[in-house]
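Take a look at the following structure, please.
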Amino acid sequence: MSFIFMVFHWPEPGRADTLAQSMGEMRDALAGTPGCVAVEPPYLTEDGACLVGISKRASKRAFLASGITPRPPNEIVEGETRPRERFFLDEVETA
């Protein structure tokens, strides 16, 4: 069973490249941590307004042990236009 941590980032105009670079650095740092299955590159939505980061872990326990500390839910990070949206996704077992 796997677990996904997905984050939507809303960069200010002209800041998407800088934010994507920062997300790539985070990807590289997390890639070797225990329980990490994959940390995918930032994805850009079709309208270019949102960067999406995806971290796949072996389990929620592995995610919690990774040391990732999500920012407060209402915080607007410098260079972004609104708070990040976070999704904690558990794999659905099918028969």
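From the list Gly14, Gly79, Gly24, which one is free of Cβ contacts under 8 Å to residues at least 24 places away in the same chain, in contact with a strand residue (DSSP E or B) (Cβ under 7 Å, 6 or more places away or on another chain) and not basic (Lys, Arg)?
That would be Gly24, the only listed residue that is free of Cβ contacts under 8 Å to residues at least 24 places away in the same chain, in contact with a strand residue (DSSP E or B) (Cβ under 7 Å, 6 or more places away or on another chain) and not basic (Lys, Arg).
Kindly provide the set of residues from the range 69-95 that are touching a Phe, Trp or Tyr at 6+ places or on another chain (Cβ under 7 Å), in a loop (DSSP other than H, G, I, E, B) and open to solvent by less than 70 Å² (accessible area, probe 1.4 Å), ordered by number.
Scanning the range 69-95 gives a single hit, Arg84.
Something else about it: Out of (1) out of contact with any helix residue (DSSP H, G or I) (no Cβ under 7 Å at 6 or more places or on another chain); (2) of a type outside the set (Gly, Ala, Ser); (3) under 24 Å from Pro13 (Cα atoms), what's the single condition that is false for Val92?
The failed condition is (3).
So how many residues does the range 34-65 have that are open to solvent by less than 60 Å² (accessible area, probe 1.4 Å), closer than 27 Å to Glu80 by Cα and in a loop (DSSP other than H, G, I, E, B)?
4
Select, from Val7, Val39, the only residue that is of a type in the set (A, V, I, L, M, F, W, C) and in contact with a Leu (Cβ under 6 Å, 6 or more places away or on another chain).
Val39
The values are calculated or read from the model by the stated rules, or taken from the named source; none is laboratory data. If you're wondering where the values come from, they're calculated on a predicted model, not measured in any experiment. Cβ coordinates were reconstructed from backbone atoms using ideal geometry, including for glycine residues, and neighbour counts include every protein chain displayed. When the accessible area is computed, the model is the full protein with side chains, heavy atoms only, and any ligands, DNA or RNA have been set aside. Shrake-Rupley method; radii C 1.70, N 1.55, O 1.52, S 1.80 Å.
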